[in-house]
Each structure stands twice: as structure tokens, then as C-alpha cells.
Amino acid sequence: MNNSNVRFLWQDPQAAGKFRAGVCLHGHTLHSQECLDFLPRYLHLVPGVSQVVRRYQQPRDGEAPVDFARAYWTPPLTPSSALHLERKQILKLGLAPLVSLTDHDSIEAGLALQVTSSRNEAPVSVEWTVPYERSILHLGIHNLPAHCDRAWMAAMAAYTLAPVEERLPEMLGALAAIPEALVVLNHPFWLEEGVEKAAHPRALERLFRECIQSIHAFELNGTRGWKENADTITLAQTHGRPIVSGGDRHACEPSACLNLTNACTFAEFAGEIRAGHTTLLFMPQYREPMALRILQACGDILRRYPDYPGRTQWTDRVYYRGEDGTARPLSMIWKDQAPWMITAAAGLVEFVATTKVRSALRLLLMKEGESLL
């Protein structure tokens, strides 16, 4: 950690001046499946909406109740659109972009980009979902080699589906031994829906006891509050690991934090991190009130995308897995006739996120912007 450095662009506008490249880690595309099992817990807090949700959760007219654990949404951006978004922000800093897209348990985005991009600048990476000690961990596995990327993805997917926890040290050891790869513990303190609060610290303790030598860095996350990120810095210091940035972008706001480097390729950057050298840069959007950033993300998720045939409406990007195991978009299930209250609620969120109302909310929420310790 002696060679770790965290900077904030609003405090130091010239922070990127001595570096060659900006690195964006941990971004999502349409290949990520984001489970909606958490949704009822929040919707039940909204008068009127709560009654509608409760009605769908109960059997009616001989139909099975809606199980939100079977529902998921996919981020709006394609791999090429996500790459363009992140590159654009980095280029504005006068830096060469290195962008690692990490969808949940999928390497399809990185593979698709290889048609027009090099692995040196856009590696094949994944955010691996790791069930462990009655909790869920998320590991960023960056820059899988071309000759074995699909084999590694198959092995990781098999573990996620049927975890054999005794195998995790061996698997992480083998991944960490790949010279050009980078293994990152993403948002260490984030608690996945359904996981008991007491279980997660036990999972981390066991992970550090059995696998710490195979984890190259801990992530500071651009969508988590500063207190949590500060706790991650302390955790990394305790275990002698460097920190890296992680944008964790799911919508259309570019990554709120980047890494700065003089490396020419992603493999060289991975080597710097593995050697303990790291410089992070938080972007101005990180200072925005978190509630406002979430609202904007919801607006991005719900708005129309005319350039994406077959995924234009939000109902094209939200899926429900039926009794037969097949996932179908809501537009197919509802035949483009969504319940009026859901349509109205979605329209209200989109309106607030994309009009002058958002500016007014920003003034009200500014006192709740990220407080940097």
C-alpha cells in the first residue's frame, strides 16, 4: 500500500498530467443479468404501488404468483457503446484508454470487442459471482488469455452453479498465476440480497485465510459511498494489498473512478498492480448526491433506445423466467400492453430524471453529496 495514491479531479484538475493512460475497470453491458428479487422490498414502501405489487405476488385467476427472483433486467448499452462511452471520458483527460468490461458471469462483451479492438486495450474479463461460506462474493477476473478464456469461463460458471468451496483456493491460485491477468476483490463490503449480514464477514475472513495470496487488489467502487471505500482502504492496508478503481457502471454514466498508469498495455498495467503500484482518480460525478445518480441511472434504464432494434423499450430489456425455464422479455409477455400503473411509474421516473426537475432535486440534495474523509 505504500505505492497507492488516491486523487480527486475536482481537487487536482491536473492529476492526469503525468500519466500516459487511464484504465476503466468493472463496467456492465447488455450481457449482464441483474436479478430483481430485491425490488418488492423497495416497492412496498411506495403507497399505491405496494398494493399493485402485493396483488401480483398472490395467486389470481388461476395464475401462479409473480416470483421476482425469476425476473432480471439487462443494462441498456451494447459492448461497443459501453466501450465508446468509457473511452470518450478517458480521452478527454488526454490519456490513452484501457477499458475492461466485466459483465456478471459472462465474457461475451470482451469477446465481441475483439473484432475491432485489441486485448491490449480491451481485454476479455468477467465479474465472477462466487457463492462462499453462505455469502456471495464478486471477483473481477481481468484479461483472460485468448487460448483458454472460454474454458476458464466454463469452469467459473460451473462453480457458481454448484459451488465446491474447497476448490476455490485452487481455482484462484491458477487464475492469479496467469502473468497478464488481474484478480480483484470487488466492493468487499457489499451485501447481496438475501445474504444474512453476519455471514458476509465470515466469508471474507475465510477468503483471506485461504486465498489472500491469489487476490491482487481490492476495489474502490464508484457507486459506493466514501465511508465504505475508506473502509476498503483500511482492509487493503491490513492485508497488504493495493487498491484499484472500479466504476461498476450499469447505465450511461461513465465510470466515476479510474486508474492512472504509464503502462502501454493492459498486461503491463496488471503487472504494476501486482507489484503494488497504483494511482486512482475519482471523477466529478462521484461528488453528486447518490440519490441523484441512482435516479439518473433509472432514467437511463427506462428510456427508449431507437438505435437498438429489439431492445428499444425498457420492457424489451426486462425478462421473466417462466415455469418452462425460458426467459422472455416483458414486451412479449405483456404483448406491449403493460399494466397502467407500472407504465405511469416508469414514465414519472424518466420524466424526473430527464427534465429541469432533476436540476431542482440536485440543489436540494447537494448537502448529501459524497463527503470525503
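The values are calculated or read from the model by the stated rules, or taken from the named source; none is laboratory data. Note that this is a predicted model, so its numbers are computed, not measured. Neighbour counts are summed over all protein chains in view; Cβ atoms, including those assigned to glycine, are modelled from backbone coordinates with ideal geometry. Ligands, DNA and RNA are stripped out before the accessible areas are found, and what is left, the full protein with its side chains, is counted by its heavy atoms. Shrake-Rupley method; radii C 1.70, N 1.55, O 1.52, S 1.80 Å.
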Of Gly140, Gly310, Gly299, which is the most mobile in a GNM of the chain whose springs link Cα atoms less than 10 angstrom apart? Gly310
Which residue, Ser135, Ser100, Ser118, tops the fluctuation ranking in a GNM of the chain built on C-alpha contacts under 10 Å? Ser118
Give me the net charge for the shell around Asp12: Cβ to Cβ below 14 angstrom, other residues only, Lys and Arg +1, Asp and Glu -1. +3
Indicate, rounded to the nearest 5 percent, the antiparallel portion of the DSSP beta bridges found entirely in the chain. 60
Decide, for the chain, between rounded, prolate and oblate: order the square roots of the alpha carbon gyration tensor eigenvalues as a ≥ b ≥ c, take rounded if a/c falls under 1.5, and otherwise choose prolate if a/b is larger than b/c, else oblate. prolate
By DSSP, what percent of the beta bridges with both residues in the range 119-262 are antiparallel, rounded to the nearest 5? 65
Rank these by accessible area, largest first, 1.4 Å probe: Trp128, Trp190. Trp190, Trp128
Length gain on complete extension for the stretch Ala230 to Ala174, per 0.36 nm per residue less the alpha carbon to alpha carbon distance? 17.2 nm
If you look for lysine pairs in the chain that are eight or more places apart or on different chains, how many of them have Cα atoms under 21 Å apart? 5
GNM flexibility winner over the chain from Val126, Val66, Val115 (Cα, springs under 10 Å): Val115
Probe 1.4 Å, all chains present, heavy atoms only: Met290 accessible area in Å², nearest 10, is 50
Computed over the chain: relative contact order in percent, which uses C-alpha pairs under 8 Å that are six or more apart: 20
Of 312-323, 5-16, ordering from highest average Cβ density within 10 Å down gives 312-323, 5-16
Euclidean distance between Cα centres, the range 112-137 to the range 233-306, Å: 15
Can you compute the helix-only [θ] at 222 nm over the chain? Use -39500 (n - 2.57) per DSSP H run of at least 4 residues, normalise by all residues, nearest 500 deg cm²/dmol. -10500 deg cm²/dmol
